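Working notes for the structure below.
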Number of protein chains: 2
Amino acid sequence: MQPYILIVEDEDALATLLEYNFEKEGYEVAIAIDGEEALVMAAERTPDLILMDWMLPKLSGVEACRRLRRRKETQATPIIMLTARADETDKITGLDYGADDYLVKPFSIPELFARTRALLRRAKPSLLEDVIRQGSIEIDNKAFRVKAGEKEVHLGPTEFRLLDHFMRHPGRVFSREQLLDAVWGRDVYVEARTVDVHIGRLRKALKKNVEIDPIRTVRSAGYAFETAAS
Amino acid sequence: MQPYILIVEDEDALATLLEYNFEKEGYEVAIAIDGEEALVMAAERTPDLILMDWMLPKLSGVEACRRLRRRKETQATPIIMLTARADETDKITGLDYGADDYLVKPFSIPELFARTRALLRRAKPSLLEDVIRQGSIEIDNKAFRVKAGEKEVHLGPTEFRLLDHFMRHPGRVFSREQLLDAVWGRDVYVEARTVDVHIGRLRKALKKNVEIDPIRTVRSAGYAFETAAS
DNA sequence: GTTCGTGTGTCAGGAATATAACATAATTAT
DNA sequence: ATAATTATGTTATATTCCTGACACACGAAC
């Protein structure tokens, strides 16, 4: 399951930018534009992490933060504060009131990602798990192992990255060019047809253990990974 | 179909950069190098969004913007202004003259994407939607799948694009020529009657699962997609 | 009934993909 | 270092599936 993040930010441009980037990174995102709405939305569905602006209409970020901490569901939910002021007082106060981390605007998106990951790893390690399973196929990024139907499968590095990429985006169709970008790398010059060959090799390797072919060919579009379940 | 964006920018390097990035993001891109060309190209094919430089040869961005607003087709088309000057006056003027948003150079590509998405979501939500449902028929552009009455339907690439086009404009009647333009592409020479054949194939594929025919034939005019609901 | 426009079956040609074979590069073992 | 092994990218060939065109049948409009 992809982590569900609640962004609480009243400035439209920033909210949109954050939404875009987090969605791209594979998170599920919801936006609240003030503290009150944040409380309502957090109650509706408990987020895995909250990104909260310090200054908010109706209910300040600090106050919203405090109230979230009083509820059982959101008591341990990681909260990152976004603040425009850089002074030390805010920092202390922010952390006192229950934020787990804070960032001073303007901040870099990669840094925000890094902190987000760090907090999620602490709070919900399973969400960032390196092991992904789809149907009877399992891929372990840490151990660089692939299992299909209980038995271990040996893949070359390229096929491994290919499968990994597919399994992180199940169901979605990727063109050969997209796969080259994502799996081979941006500035590598490789024939598009080469993708076919690796798809074939991946299929052959998986077929040894699993009956059905998890890779779907979409004529004139590319390939997609999917199990019967999806 | 993927959103069609018109980029109006005379600086070659920037235009190419934008083109590259937007295409990669899945947009269809056209480039105009001055205000006049922009007007011509926008008339030829109405863009879903326009990215316009403030400073342009022949016809300034502001003026081009004003003229686009006077035409019915582009009256509601979102326009994002790109300006090198950061002063407040420009900002006001730009928005006064009809731009929906503006960015000051240098801007970050992700932010531009974010704003683009935000404007498109407001103006043409269906363009960003991956899954469209009409009655008992569902089409998924990301996964390239079609379901009719719970069951999966297999379509060839052309039939898929045809159905996609219909479902994004439910109820509207398209002539064979319009369909050839939209589905086959502008510069393809194909017999108009071929559309009939593909309509037939699409109907046959859908009929397997759904009783009623969602495609209406409009004698001497063309075809339209509509479900009982509409 | 005649005319015009549309539905459908068929077919050849072509486009896209799968597969096998090979040469080369990279990695690992000795 | 050298040899052995494995992985990689390309090309050629086989195969599958799609496409566009045509002919004829059918049905609506007048």
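Computed quantities for the displayed model
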read-out: Flag for residue A:206 being within 13 Å of DNA strand C (Cβ to nearest atom), among the aliphatic types (A, V, I, L, M) and modelled with pLDDT under 95; value: yes
read-out: Filtered residue count, the stretch B:148-166, keeping only those that are over 21 Å from residue B:195 (Cβ atoms) and either in contact (Cβ under 8 Å) with a residue 24 or more places away in the chain or in contact with a His (Cβ under 8 Å, 6 or more places away or on another chain) (or both); value: 3
read-out: Residue count, the stretch B:106-140 (criterion: under 27 Å from residue A:109 (Cβ atoms) and either open to solvent by 60 Å² or more (accessible area, probe 1.4 Å) or free of Cβ contacts under 8 Å to residues at least 24 places away in the same chain (or both)); value: 13
read-out: Hits in the stretch A:170-185 - residues which are small (Gly, Ala, Ser) and within 12 Å of DNA strand D (Cβ to nearest atom); value: A:185
read-out: Considering residues of the stretch B:130-147 that are more than 16 Å from DNA strand C (Cβ to nearest atom), more than 19 Å from the chain's Cα centre (by Cα) and aliphatic (A, V, I, L, M) only, the residue nearest to the other protein chains (Cβ to nearest Cβ); value: B:146
read-out: Condition broken by residue B:220, with the remaining ones in (1) within 13 Å of DNA strand D (Cβ to nearest atom); (2) of a type in the set (Gly, Ala, Ser); (3) surrounded by 12 or more Cβ atoms within 10 Å (Cβ to Cβ); (4) away from every other protein chain (no Cβ under 14 Å) satisfied; value: (3)
read-out: Residue A:183 being within 26 Å of the chain's Cα centre (by Cα) and either open to solvent by 30 Å² or more (accessible area, probe 1.4 Å) or under 27 Å from residue A:18 (Cα atoms) (or both); value: yes
read-out: Residue A:172 being out of contact with any strand residue (DSSP E or B) (no Cβ under 9 Å at 6 or more places or on another chain), within 12 Å of another protein chain (Cβ to nearest Cβ) and more than 9 Å from DNA strand C (Cβ to nearest atom); value: no
read-out: Unmet requirement for residue A:162, which otherwise passes all of (1) more than 20 Å from residue A:224 (Cα to Cα); (2) modelled with pLDDT of 95 or more; value: (1)
read-out: Flag for residue B:118 being more than 10 Å from chain A (Cβ to nearest Cβ), of a type outside the set (S, T, N, Q) and more than 21 Å from residue B:206 (Cβ to Cβ); value: no
read-out: Test: residue A:158 is in a strand (DSSP E or B) and within 11 Å of DNA strand D (Cβ to nearest atom); value: no
read-out: Subset of the stretch B:186-217 (residues that are within 8 Å of DNA strand D (Cβ to nearest atom) and either in a strand (DSSP E or B) or among the hydroxyl-bearing types (Ser, Thr, Tyr) (or both)); value: B:189, B:194
read-out: The one condition in (1) of a type in the set (D, E, K, R); (2) away from every other protein chain (no Cβ under 13 Å); (3) out of contact with any helix residue (DSSP H, G or I) (no Cβ under 6 Å at 6 or more places or on another chain); (4) within 15 Å of DNA strand D (Cβ to nearest atom) that residue B:164 fails to fulfil; value: (2)
read-out: Selection count where residues are within 22 Å of residue B:112 (Cα to Cα), free of Cβ contacts under 8 Å to residues at least 12 places away in the same chain and open to solvent by 40 Å² or more (accessible area, probe 1.4 Å), scope the stretch A:13-46; value: 2
read-out: Pick from the stretch A:177-207, criterion charged (D, E, K, R) and touching a Gly at 6+ places or on another chain (Cβ under 9 Å), ranking: nearest to the other protein chains (Cβ to nearest Cβ); value: A:177
read-out: Matching residues in the stretch A:1-12 - criterion: being charged (D, E, K, R) and open to solvent by 20 Å² or more (accessible area, probe 1.4 Å); value: A:10, A:11, A:12
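The values are calculated or read from the model by the stated rules, or taken from the named source; none is laboratory data. Just so we're clear, the structure is a prediction, and the values are computed from it rather than from any experiment. Cβ: placed from backbone, ideal geometry, glycine included. Neighbour counts: every protein chain shown. For accessibility, only protein heavy atoms count, side chains too; no ligands or nucleic acids. Shrake-Rupley method; radii C 1.70, N 1.55, O 1.52, S 1.80 Å.
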